1. Provide the net charge surrounding Gly28, with neighbours chosen by a C-beta distance below 15 Å and charges set as Lys +1, Arg +1, Asp -1, Glu -1.
2. If I model a spin label at Thr39 and Ile14 as a point 7 Å from the Cα along the Cα→Cβ vector, what separation in nanometres do I get?
3. Would you pull out the residues with amide H under 5 Å of Phe53's amide H, same chain only if 5 or more places away, H placed 1.01 Å from N?
4. Pull up the cross-link candidates among the lysines for Lys51, meaning alpha carbon to alpha carbon under 29 Å and not fewer than 8 places away within one chain.
5. In terms of Cα to Cα distance under 15 Å, which aspartates and glutamates are near enough to Lys32, apart from those fewer than 8 places away along the same chain?
6. At 7 Å along the Cα-to-beta-carbon direction for both Ala48 and Asp21, put a label point, then send me their distance in nm to one decimal.
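No lab work stands behind these numbers, since they all come straight from the coordinates. No experiment lies behind these values; they were computed from the predicted model shown. No Cβ is skipped: glycine too gets one built from the backbone with ideal geometry, and neighbour counts run over all protein chains shown.
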Amino acid sequence: MNSQTVNPVGKGPIDVQLTPDEALALTGVEFKGNPKIKTEAQRKIRNAFEKTFDFHTEAR
């Protein structure tokens, strides 16, 4: 699968609101009681990235 950026301005900022625990999880801190914290933070970043930049995928 190949991804290409349609938006030529690929260096703009992406705004994402994370909880302090989510931010810590992205730095490598592990939360044994709630392992989904890191997954949720990654999902938020991915969603913000997809909203900011127009991507389309094409099969090889």
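1. Values: positive: Lys32, Lys38; negative: Asp21, Glu22, Glu30.
Every neighbour counted, the sum reads -1.
2. Reported label-point gap for Thr39 and Ile14 is 2.0 nm.
3. Here nothing satisfies the definition.
4. Straight-distance partners of Lys51: Lys11, Lys36, Lys38.
5. Cα-Cα hits under 15 Å: Asp21, Glu22, Glu40.
6. Result for the modelled spin labels: 1.9 nm.
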